[in-house]
1. Checking the conditions here, which among Val15, Val26 is of a type in the set (A, V, I, L, M), modelled with pLDDT under 95 and buried (at least 16 other Cβ atoms within 10 Å of the Cβ)?
2. Going by the structure shown, is Glu29 touching a Pro at 6+ places or on another chain (Cβ under 9 Å), closer than 22 Å to Ile107 by Cβ and touching a residue at least 12 places away in the same chain (Cβ under 8 Å)?
3. Is it true that some residue in region 5-21 is part of a helix (DSSP H, G or I), in contact (Cβ under 8 Å) with a residue 24 or more places away in the chain and of a type in the set (Lys, Arg)?
4. Of the numbered conditions (1) part of a helix (DSSP H, G or I); (2) modelled with pLDDT under 90; (3) more than 21 Å from Lys14 (Cβ to Cβ), Gly92 satisfies every one except a single condition; which is it?
5. Return the pairs, sorted by first residue and then second, in which the second residue is buried (at least 16 other Cβ atoms within 10 Å of the Cβ) and aromatic (Phe, Trp, Tyr), the first residue lies in region 44-65 and is under 22 Å from Leu10 (Cα atoms) and modelled with pLDDT of 95 or more, the beta carbons are less than 8 Å apart, and the residues are 6+ apart or on different chains.
6. Check whether at least one residue in region 105-112 is over 24 Å from Ala11 (Cα atoms) and either modelled with pLDDT of 95 or more or in contact with a Leu (Cβ under 9 Å, 6 or more places away or on another chain) (or both), and report yes or no.
7. Only residues that are part of a loop (DSSP other than H, G, I, E, B), of a type outside the set (Lys, Arg) and in contact with a helix residue (DSSP H, G or I) (Cβ under 8 Å, 6 or more places away or on another chain): list them for region 55-82, please.
Amino acid sequence: MALVAALGDLAVLKVLYRNVHVPFEVCQEIRAGGVAGFAVEQFEMATWLQVRPERVDLPHFLANALDPWEAVVIQLTLLENIQTVCIDEAVGRRMARLCGLQLTGSIGILLRAKGKEFPL
């Protein structure tokens, strides 16, 4: 939740992207919130996010190569024919490229927002 750490909320995603899909497994991880519950409130307030209601079945090559959250993000992107995936971790980014996906990450989103004069 680097965007929440940088900006305090997720509004930049709504401004920059027509649709933002969040896999069920990622929602569960965010809602678990870790020890401090960081970014849970901001996530729940972003009612415009397209939260997936069911688990994503993973092919073995993704399940064995990546952490579960990166794997489901890539698989959902492929299943739904979504053009761009947001991943920050190097291994996940490498796998997304191998799957033919366009990439961005938290820093890319912040730079795009700055280019559109989003108040950072």
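1. So the residue among Val15, Val26 that is of a type in the set (A, V, I, L, M), modelled with pLDDT under 95 and buried (at least 16 other Cβ atoms within 10 Å of the Cβ) is Val26.
2. Judged against the criteria, Glu29 is a match.
3. Looking for residues that are part of a helix (DSSP H, G or I), in contact (Cβ under 8 Å) with a residue 24 or more places away in the chain and of a type in the set (Lys, Arg), one finds at least one in region 5-21, hence yes.
4. Condition (2) is where Gly92 drops out.
5. Leu49/Phe43
6. No, that holds for no residue.
7. Val56, Asp57, Leu58, Pro59, Leu66, Asp67, Ile82
The values are calculated or read from the model by the stated rules, or taken from the named source; none is laboratory data. Because the structure is a prediction, the values reported are computed rather than measured. A quick note on method: Cβ atoms are made from the backbone with ideal geometry, for glycine too, and the neighbour counts reach across all protein chains shown.
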